[in-house]
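**Q** The structure that follows is given in the form of structure tokens.
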Amino acid sequence: MSHYGEGDLILYYYGEGRRRHDIERHLDACPACAATYRDISSTLAMVDVPAVPERGDQYGLEVWQRIRHRLPEPQQDVWSKHSAGPGRAAWTELATWWRRLVERTFRADRLAILAAAATIAIVAFVAGRFWSTPSKPAATITATQAPDGGSLPGLRQRILIGSVADHLDRSERMLTDIMNASVPGDISAEQRWAEDLLTTSRLYRQDAVDIGERSVANVLDDLERSLIEIVHSPSQVTAADLDAMRRRIDAAALLFKVRVMSNELQEREGTRSAGDASPRTSTRKTS
Amino acid sequence: MDAAEAAAVLARARQGDSDAFRALVERHSRTVFRLAFRMTGNEQDAEDVVQESFLRAYRQLGRFESRANFGTWLYRIVANCSVDLMRAKQARHDQARGEPLETAADMPAADTPDPQRLAESAEISRRVQHALGALSPLERAAFTLRHYEGRSIDEIGRTLGLGTSAAKHSVFRAVKKLRHALQPLRSLANRGLAPQESQR
Ligand SMILES: [Zn+2]
């Protein structure tokens, strides 16, 4: 008789998974699996849903009061700030964020070598963002190719921008997870996550190449190299494994690039939404 | 607020109308707090998540598909904000101690507990909280969504932006760690009490 794994029994406990009827019969007949299942269910029965502290009717208003002064200006066009002017503030902010990240992850004695490698990567990347023009603002492309904003290239680009921005956010979180992983440890969940991201990334990169978003494709390409490394590393990582992985991520300034590109795409998307919103407003006013 | 009214408020909020956004904040704050509290396990962190989630939602309103459900979209933001906050806390904790957070293997729960104190449910609950606190942010989030929120593995994957397999294994790892951490409680409970009935 073949037994059921812990995972099957956990899913069974939660009413999920396939072969539920088979499992039920097996549990009646097999003392070993029945014992494991009792163990799982008695553990989970101890984890009660916590009582959530009360929040009164005015709570929504209190939250609003706390956040209202922190709301950003609506539809800030940061993209044009980047491309038209020097945009130093935005870059400085990103550079500071990145430096903190490195300082947090690495001890001071190793900082110098890493910082040098990463600085080269960043300078090249930033220079590329300023002096190459593959990523035209979305509005330009729509105006020349699709006056109604609904033609295939415009639509494809629009979908890609939103999807890649989300994809980069998720990748950033996964990479941050790896950067913060404790050692020795099990990174198998992160590896599965990286595997999913890798599949998606390849599709988006191909799309980006097809529609001429070369800088997006380049960042995705860099990202994929790290994802592949994560996927193929052992699940039980030693301090040395993780350190090597982190060094390569840092030397390529990957988190920095991912963050910058994600910001850019979000802002392009915001610019696009603002452009979409204004005709609707004026239509409503005249009708 | 009926569906049409809600759609109108959303449309105005998307165009940067802060009064409309205020209506959304007032309407959803309590739900957001409940999820944030379950995800983070403490009131102060939950309050931080509530604020950060609405700020993030405001910034990302342009990316919200008007056909989608705003509540579902916001739920996803809150879940991810909670994970981010737990990660940031863990990183600060690691930095302060110069070593990783304790793992399930070296938690005090592995000691033999005092049977008398065990009788108090407060003690059980404290140990459960401790065991939950030792999960990784991702494991804790996936477990909370499955165990407290009753979300399916597929929904957890979509909510946290993971594949189904990663979501499933995060839940499995969480349960494995909880079994290990709560093992001493369980054997005592089994000796002293009638065997627990399974949930299903
Ligand atoms: Zn069996």
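**Q** I'd like the distance between the alpha-carbon centres of region A:219-245 and region B:1-28, rounded to an integer number of Å.
**A** Here the two parts' Cα centres lie 43 Å apart.
**Q** How large is ³J(HN,Hα), in whole Hz, for each residue of region A:221-227 in order, when computed from phi with the Karplus curve 6.51 cos²θ - 1.76 cosθ + 1.60 and θ = phi - 60°, using x for Gly and Pro?
**A** 5, 4, 4, 4, 4, 5, 4
**Q** Another one. Quickly work out the A:ASP28-to-A:VAL52 label distance, labels modelled 7 Å from Cα along the C-beta direction, and quote it in nm with one decimal.
**A** 3.9 nm
**Q** Once the convex hull of the alpha carbons of region A:153-269 is built, what does its volume come to per residue, in cubic angstrom?
**A** 79 Å³
**Q** Stokes-Einstein diffusion coefficient for region B:1-102 at 20 °C in a medium of 1.002 mPa s, Rh from the Kirkwood formula over Cα pairs: what value in µm²/s?
**A** This corresponds to a translational diffusion coefficient of 147 µm²/s.
**Q** Still on this structure, I have one more. Short version: ³J(HN,Hα) in whole Hz for each residue of region A:254-262, in order, from phi by Karplus 6.51 cos²θ - 1.76 cosθ + 1.60 (θ = phi - 60°), x for Gly and Pro, what are they?
**A** Computed from phi, the couplings for region A:254-262 are 5, 4, 4, 4, 4, 5, 4, 5, 4 Hz.
Laboratory data are not the source of any read-out in this text; all were calculated from the coordinates shown. Since this is a predicted model, take the numbers as computed values, not measurements. Glycine gets a Cβ as well: all are built from the backbone with ideal geometry, and neighbour counts include every protein chain shown.
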